[in-house]
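Novice: Please find one structure pasted underneath; my questions will follow.
The values are calculated or read from the model by the stated rules, or taken from the named source; none is laboratory data. Quantities reported herein were computed from a predicted structural model and do not represent experimental measurements. Here the Cβ positions follow ideal geometry from the backbone for every residue, glycine too, while neighbour counts run over all protein chains shown.
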Amino acid sequence: MYLYPKINLHIHSNYSDGKQTINQIVKRALNLGLDYIAITDHFTNSWKSWVSTLSNHEMISNYLVEISQTQRYLKKNDRQLKLLKGIELDLGSSEQFIKKFIQIDKYDLVLFEYLQSYESIAFLKNIINFWKKSIENLNNFPILGLAHFDPSFFISGNLDTFMNFLKDYYIYFEFNSSYPSFYSPQYIIFFEKLKEYNIPVGIGCDSHNLSNLNDIEEPFEMIVYYNLENNLDILIKTLKTKKLV
Ligand SMILES: [Zn+2]
């Protein structure tokens, strides 16, 4: 066993396409001895929006209230588990849709999926800058991460530009156990760059049911394989000090 905290920052509940309720997920996470988990249900109005998603104010509000209640329960009962209020935002969504529904200081963590082009980087920068201007206290700004990011879209381009973007906007790379090909050694150049630039890395299982809630061993081993323990430490420090909203 390793001494690192057990982290799964990518879990779907029945608020989107996950099978279980938030309560069922948290109960199991407590039994498994996980230290940090995030519920990150889908948010999209792209072609993908046929999956059930957080798509209107009422649903989003219920979602946030339910996670807040669970956070309070965990705190009151002095449980070791820290639960983050997350969302997984599809970058194929329209700017207007994102700006309308995402009140950024209501979240502890935002994952972005489908960052696959330099155009989508420009899109994302624009959104993040908008969010930063929209809140009064930047301490309430969430942790940002790339969900199941596929290095193949950028590996032949200018990786330094890409790394500078992650560094400037403090965005972590997720080792996602549901997409092991995205951390395979064919992308070693990419992982060497993450190390060189001190980009934080995290672990998520993309859990849609309870069976893979604890599939964190392989991602962790790959982090060690690429000598990215310090990069994981950066994220862990952030998780430790993060005041939940
Ligand atoms: Zn997901």
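Novice: State yes or no: is E174 at pLDDT below 95 and under 25 Å from Y107 (Cα atoms)?
Specialist: Against the criterion (at pLDDT below 95 and under 25 Å from Y107 (Cα atoms)), E174 does not qualify.
Novice: Would you mention how many residues in the range 75-100 are crowded, with 18+ Cβ neighbours inside 10 Å and either free of Cβ contacts under 8 Å to residues at least 24 places away in the same chain or more than 14 Å from the chain's Cα centre (by Cα) (or both)?
Specialist: Qualifying residue count, the range 75-100: 4.
Novice: Ok, one more. Taking the condition within 16 Å of the ligand (Cβ to nearest atom) and surrounded by fewer than 17 Cβ atoms within 10 Å (Cβ to Cβ), does S178 pass?
Specialist: Considered against the rule, which asks whether it is within 16 Å of the ligand (Cβ to nearest atom) and surrounded by fewer than 17 Cβ atoms within 10 Å (Cβ to Cβ), S178 comes out as yes.
Novice: Go through (1) over 18 Å from L166 (Cα atoms); (2) free of Cβ contacts under 8 Å to residues at least 40 places away in the same chain for F191 and report which single condition fails.
Specialist: (1)
Novice: Consider L159 against the criteria (1) away from the ligand (no atom under 16 Å from the Cβ); (2) crowded, with 20+ Cβ neighbours inside 10 Å; (3) of a type in the set (A, V, I, L, M): it satisfies all of them except one. Which criterion is unmet?
Specialist: Among (1) away from the ligand (no atom under 16 Å from the Cβ); (2) crowded, with 20+ Cβ neighbours inside 10 Å; (3) of a type in the set (A, V, I, L, M), the lone unmet condition for L159 is (2).
Novice: Hey, does the range 126-134 have a residue that's within 16 Å of the ligand (Cβ to nearest atom) and either of a type outside the set (D, E) or under 19 Å from M163 (Cβ atoms) (or both)?
Specialist: No: zero hits.
Novice: Continuing with the same structure: Taking the conditions exactly as written (surrounded by 12 or more Cβ atoms within 10 Å (Cβ to Cβ), of a type in the set (V, I, T) and farther than 20 Å from N230 by Cα), does I121 satisfy them or not?
Specialist: So I121 fits the description; yes.
Novice: Here is a list: S178, S184. Which entry is in contact with a His (Cβ under 8 Å, 6 or more places away or on another chain) and farther than 19 Å from N230 by Cβ?
Specialist: S178
Each row is one residue, and each column tells you yes or no for (1) at pLDDT below 95; (2) within 17 Å of P219 (Cβ to Cβ); (3) among the hydroxyl-bearing types (S, T, Y); (4) out of contact with any helix residue (DSSP H, G or I) (no Cβ under 8 Å at 6 or more places or on another chain).
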residue	(1), (2), (3), (4)
Q96	no, no, no, yes
I121	no, no, no, no
I127	no, no, no, no
K132	no, no, no, no
Y170	no, no, yes, yes
Y187	no, yes, yes, no
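Novice: Can you tell me which condition G145 does not meet? The list is (1) within 24 Å of K240 (Cβ to Cβ); (2) at pLDDT 95 or above; (3) away from the ligand (no atom under 16 Å from the Cβ), and all the others hold.
Specialist: So G145 meets the others, but not (3).
Novice: If you don't mind, another one. If I filter the range 35-57 for residues that are crowded, with 18+ Cβ neighbours inside 10 Å, away from the ligand (no atom under 16 Å from the Cβ) and either within 23 Å of N139 (Cα to Cα) or of a type outside the set (A, V, I, L, M) (or both), do I get at least one hit?
Specialist: Scanning the range 35-57, I find at least one residue that is crowded, with 18+ Cβ neighbours inside 10 Å, away from the ligand (no atom under 16 Å from the Cβ) and either within 23 Å of N139 (Cα to Cα) or of a type outside the set (A, V, I, L, M) (or both), so the answer is yes.
Novice: For the list (1) under 20 Å from Q96 (Cα atoms); (2) within 16 Å of the ligand (Cβ to nearest atom); (3) touching an Asp or Glu at 6+ places or on another chain (Cβ under 8 Å), I need the number of the one condition that L115 fails.
Specialist: (3)
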